[in-house]
Amino acid sequence: MVRYINVRSKSRTEFIDITGMVQEAVKEEGVMKGICYLYVPHTTAGITINEGADPSVQRDIQNTLSKLIPHEMNYFHREGNADAHIKSTIVGTSVNVIIDEGRLLLGTWQAIFFCEFDGPRHRRIAVKFI
Ligand code: ZN
């Protein structure tokens, strides 16, 4: 069975901490041990695991990606969101987290972030337990 976590981004670029929602899904499914596979079925968004304690880390990641991949450039893609497609490919669209004793096995400072690169939009993250 595949579950979905729904999020609504409010800006063009935004990281949304979904750790609590993922942990809630683990609890609801009663998974004690295994792998939580998270997949973003979008071409202009991504998912990553990084520091959740200090929000300036997320800002630094977003700002650095935007410097490396500017919004306006001589892109072939005419939809105006080529930068978002490139960021999605660089960041990636899936992560795996080990589940042990019913908990996501994350480091103290780690959080799971849905990465919006072409918002605001309604988005979803597929969750599969193995
Ligand atoms: Zn596009």
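Since every read-out is calculated from the coordinates, none of them should be taken as a lab result. The structure presented is a predicted model; accordingly, all values stated were derived computationally and were not measured. Note: ideal-geometry Cβ built from the backbone for every residue, glycine included; neighbour counts use all protein chains shown.
Of the numbered conditions (1) exposed (fewer than 15 other Cβ atoms within 10 Å of the Cβ); (2) small (Gly, Ala, Ser); (3) away from the ligand (no atom under 16 Å from the Cβ); (4) farther than 27 Å from residue 129 by Cβ, residue 92 satisfies every one except a single condition; which is it?
Looking at each condition in turn, residue 92 falls short on (4).
Could you list, in sequence order, all residues of region 42-86 that are touching a residue at least 40 places away in the same chain (Cβ under 8 Å) and within 12 Å of the ligand (Cβ to nearest atom)?
Of everything in region 42-86, those that are touching a residue at least 40 places away in the same chain (Cβ under 8 Å) and within 12 Å of the ligand (Cβ to nearest atom) turn out to be 42, 43, 44, 45, 84, 85.
Would you be able to tell me the number of residues in region 70-127 that are touching a Leu at 6+ places or on another chain (Cβ under 7 Å), farther than 21 Å from residue 12 by Cα and not hydrophobic (A, V, I, L, M, F, W, C)?
Total meeting the criteria: 0.
For region 33-69, how many residues are part of a loop (DSSP other than H, G, I, E, B) and surrounded by 11 or more Cβ atoms within 10 Å (Cβ to Cβ)?
Counting residues in region 33-69 that are part of a loop (DSSP other than H, G, I, E, B) and surrounded by 11 or more Cβ atoms within 10 Å (Cβ to Cβ) gives 7.
Quick one: in region 95-123, which of the residues that are touching a strand residue (DSSP E or B) at 6+ places or on another chain (Cβ under 6 Å) and without any contact (Cβ under 8 Å) to a residue 60 or more places away in the chain is surrounded by the most Cβ atoms within 10 Å (Cβ to Cβ)?
Selected residue: 95.
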